[in-house]
Amino acid sequence: MVISKDQYETIASRRATYDSMLWQTPVLSLTAQSFLFTIALDAGSAEGARVISSVLALAAAVASMHLMSKHRLFEVQDSHRLSDFEQAQEGWEVVHGRPLSSGVSAYKVWMVVLAVFAVAAAVAIIGVVASWPWLTGAPANKT
C-alpha cells in the first residue's frame, strides 16, 4: 500500500489519538466501577440496587476490555502502516512499528486488571442474590 506524505501525517495523528484513547479507557472504567462497587458492596443498599450496580460494573469491565482491544488493534495497524512508509523513504529513520519491550506489556496487565474487576462484579452479583453473609453483611443463617 502506497501512501502520500499527507496521508502519512493523517495516519500519524490518528495513531496518536488511538494511543491516547487506549490509556484513557481503563482510567474511565475504574472511575465508573469504583462508584458502582461502592453501591454493590454496601450492606445498607437495597438488594436490587446492589444487583443492578454489580451488573453495571460487570458490563463496564467487559465493555472496557472490548474498547481497549479495539483501540490497541487500530493503533498497531496504523503504526505498521507508518513504519512501512518510513522504511520506503530514503534517509528517514523508522520511528513507528514494534516498540522496545520493557518485559511486561502494560496493555496485557490492564486487560488482566479489567478481567479481575469483571470477575469481582460477577462474584458480587452471585453473592447478593445468594445472600452470602461475608458479602452481604447479613448474619449467617444457622440451622
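Read-outs throughout are calculated quantities, based only on the coordinates presented, and are distinct from any laboratory measurement. What you are looking at is a predicted structure, and each value in this text was computed from that prediction instead of being measured. Don't worry about glycine lacking a Cβ; one is built from the backbone with ideal geometry, like all the others, and counts go over all protein chains shown.
The table below lists the values:
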| quantity | calculated |
| --- | --- |
| All Cα pairs of the range 30-122, percent lying beyond 23 Å | 46 percent |
| Fluctuation leader among Gly91, Gly44, Gly127 - the chain, Gaussian network, Cα springs under 10 angstrom | Gly91 |
| Convex hull per residue volume in Å³, alpha carbons only, for the range 8-50 | 51 Å³ |
| Extreme residue, positive dipole direction of the range 5-136, given options His96, Ser45, Val109 (C-beta unit charges) | Ser45 |
